[in-house]
Structure formats: C-alpha cells, structure tokens
Amino acid sequence: GHTLSTRTGPAPVRAARALKLAPGAPVSVVRTLRMIDGVPAAFVHTFYEPTLGRDILAQRLAQEDAMTLLEEDLDFRLDRTQISATAVKAGRIRGLLLGVPADAPLLYMRFVPYDLTGLALLYSDVYFRPDQFTYRVMVRR
C-alpha cells in the first residue's frame, strides 16, 4: 500500500464522538491506499488520539492491518470492533485514487476497535472497490 498523508488536525464530529473526544480536539489523521496485486483496493482514512503509537501507526498502516499493529506492536488487548457497512458512490477524488468512475459503487465500512477497558483505539472510514474485496461475517448465537 501507499501512505498518502499523515498529519495532526481537528477531529471531525464523527471521529470525536467515536473516540470520546471534544469535537475539534487534535487527532492524528492517516490516509492510505491499500493495494492487492498492484491494483488499488481500498482508500482508508483513519483518525486516532495523537499519543496512541502515532509513529508506528503512521509509518505502517499502509502495509499492515491496524488491529495487528495495535495488538502486536503496541500491546493493546482488543475486546470488540464496531463495524458498519453501506454502499456509496466513489466520488471524484476516491474514484481517481481507486481507478474507478466517480459514479461507481464502493463498499464503505466504518471501523472502531475497543480495548478491554472500553477505550476506542481508532476510528477508520474505509472505501473498498467491490471487485477487489469481499467481506464475510459469521454470527453465532
């Protein structure tokens, strides 16, 4: 993958709410493009509290799964992940990044992983090309 940008900026309302921060509080923002066999597969926009392993996450989010980094490199114990999914239009910028027309459908997923204490570790908006990604879930009762 490719890291498109890393910066510190104000938390948008949706990320601040998930991370239990004040709207506009400083957060680290990482934008990455995930690739599969050289083809753009997902555009990822991740927000996290700036002290949460900023350097490790910023340097390696394009190549590795955030959950793996949180558990293996930063020693967090994950309890659960809140996930939502829907279809959205790519739009001009995401379309250019992912190599699809602006009106192409993308699978949009929002991820918020929590540690064992209930702390939200990050907030991530992920836009997947549907021809490059399949999401499967098993639900047990």
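The values are calculated or read from the model by the stated rules, or taken from the named source; none is laboratory data. The structure presented is a predicted model; accordingly, all values stated were derived computationally and were not measured. Because the Cβ atoms are built from the backbone with ideal geometry, glycine has one as well, and the counts that use them run over all protein chains shown. Calculation scope for accessible area: heavy atoms of the full protein, side chains included, ligands and nucleic acids excluded. Shrake-Rupley method; radii C 1.70, N 1.55, O 1.52, S 1.80 Å.
Anything in the stretch 110-126 that is of a type outside the set (A, V, I, L, M, F, W, C) and buried (at least 20 other Cβ atoms within 10 Å of the Cβ)? List them, or say none.
Taking the stretch 110-126 and keeping what is of a type outside the set (A, V, I, L, M, F, W, C), we get 110, 113-115, 117-118, 123-125.
Within the stretch 110-126, P113, Y123, S124 qualify.
Only residues that are farther than 18 Å from R14 by Cα and modelled with pLDDT under 95 were counted across the stretch 78-117, and they come to 6.
Restricting the first residue to the stretch 19-35 and requiring it to be within 16 Å of R7 (Cβ to Cβ) and open to solvent by 40 Å² or more (accessible area, probe 1.4 Å), which pairs with a second residue that is part of a strand (DSSP E or B) and polar (S, T, N, Q) meet a Cβ separation below 6 Å and a spacing of at least six or different chains? Qualifying pairs under 6 Å: P26/T8; R31/S5. The single condition among (1) at pLDDT 85 or above; (2) exposed (fewer than 14 other Cβ atoms within 10 Å of the Cβ) that D75 does not meet is (1). Of all residues in the stretch 72-112, those that are among the acidic types (D, E) and closer than 19 Å to R34 by Cβ total 2.
Taking every residue in the stretch 123-138 that is farther than 18 Å from L96 by Cα and pairing it with any residue that is among the small types (G, A, S) and open to solvent by 30 Å² or more (accessible area, probe 1.4 Å), at least 6 positions away or on another chain, the pairs with Cβ-Cβ distances below 9 Å are Y135/A85. Only a single item in (1) open to solvent by 60 Å² or more (accessible area, probe 1.4 Å); (2) touching a helix residue (DSSP H, G or I) at 6+ places or on another chain (Cβ under 8 Å) is not met by T86, and it is number (2). Restricting attention to the stretch 7-17, does a residue exist that is in a strand (DSSP E or B), at pLDDT 90 or above and open to solvent by less than 70 Å² (accessible area, probe 1.4 Å)? Taking every residue of the stretch 7-17 in turn, at least one turns out to be in a strand (DSSP E or B), at pLDDT 90 or above and open to solvent by less than 70 Å² (accessible area, probe 1.4 Å). Whenever a residue of the stretch 80-100 is without any contact (Cβ under 8 Å) to a residue 40 or more places away in the chain, its partners that are open to solvent by 60 Å² or more (accessible area, probe 1.4 Å) and assigned to a loop (DSSP other than H, G, I, E, B), lying with C-beta atoms within less than 6 angstrom and at least six residues away or across chains, give the pairs K89/D103; G95/P101.
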